[in-house]
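Heads up: the structure comes next, in structure tokens.
The values are calculated or read from the model by the stated rules, or taken from the named source; none is laboratory data. Here the structure is a predicted model, which means the values were calculated and not measured. Cβ sites come from the backbone with ideal geometry, for glycine too, and all protein chains shown count toward neighbours. Note: accessible area is taken over every heavy atom of the protein model, side chains too, but ligands, DNA and RNA are not part of it. Shrake-Rupley method; radii C 1.70, N 1.55, O 1.52, S 1.80 Å.
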Amino acid sequence: MDIMSYNQPVKLKTQSKIDLEMFSQTFNQLCKNTRLLQTRAYTHHFGTSLLRHSVNVAYVSVFISKLLRLNIDYLQLIRGALLHDYYLYDCHEKTEEHKKHHLRRHPSKAVIAAQEDISLTKKEIDIILKHMFPITFSIPKSKESLVVCLSDKICSIYELFTNIYKRFFYKLLFV
Ligand SMILES: [Fe+2]
Ligand SMILES: [Fe+2]
């Protein structure tokens, strides 16, 4: 597995705004101390791996924070974003639990799974627990949580549309 390939996620024009070294270090540390790499086996949004999605969300979160010049804790922001979907199961498995409750319950499952591996700060827990707002009704308490919540929506929409295009329209039009 080429870890470095995950250190260069969505390419944005203002890449220089992002401290890639800190981003890479945090990512590599989590890969060592948690089961984060397992999440590349699960896909969502019609084809993006959970690992790629988490890296995208972390990257966009840093990008937004830098762009808006937010006074933010970048380490907790990146860690929370990388672990926000750390639920370690395939949400497409047709169990009753997954069918009914995945959308609302996966944030708390992600916190439980992450805490089995490492200790999380209150802010990191809040980032993970609140990222599904407004679906989960619990309002993000910090700027970091709010940014990750927003980045998750942006990345999900982007991934959804690019995957639908690749899967259906590209084949229809060009193959
Ligand atoms: Fe999620
Ligand atoms: Fe997500």
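What to note about this one:
- Distant-in-sequence amide H partners of Y42 (H built 1.01 Å from N, under 5 Å): L50, L51
- Applied to the range 61-74, the Karplus parametrisation 6.51 cos²θ - 1.76 cosθ + 1.60 on θ = phi - 60° returns per-residue 3J(HN,Hα) values of 4, 5, 4, 4, 4, 5, 4, 8, 6, 6, 7, 9, 8, 5 Hz, with x for Gly and Pro.
- Listed residues M132, M22 arranged by accessible area, highest first, probe 1.4 Å: M22, M132
- Toward the positive end of the charge dipole of the range 66-159, with +1 on the Cβ of Lys and Arg and -1 on the Cβ of Asp and Glu, the farthest Cα among V111, G80, L70 is that of L70.
- Note on K32: aspartates and glutamates with a C-alpha under 15 Å away, same-chain residues under 8 apart excluded, are D2, E116, D117.
- Rounded to the nearest Hz, the phi-derived 3J(HN,Hα) couplings of the range 137-142 under the Karplus curve 6.51 cos²θ - 1.76 cosθ + 1.60 (θ = phi - 60°) are 6, 8, 7, x, 8, 10, where x marks glycine and proline.
- Ligands, DNA and RNA aside, E21 has an accessible area near 130 Å² when probed at 1.4 Å.
- Distance from the C-alpha centroid of the range 96-148 to that of the range 17-66: 16 Å, rounded to the whole angstrom.
- Rounded to the nearest 20 debye, the dipole size of the range 43-127 about its Cα centre is 320 debye, using +1 on the Cβ of Lys and Arg and -1 on the Cβ of Asp and Glu.
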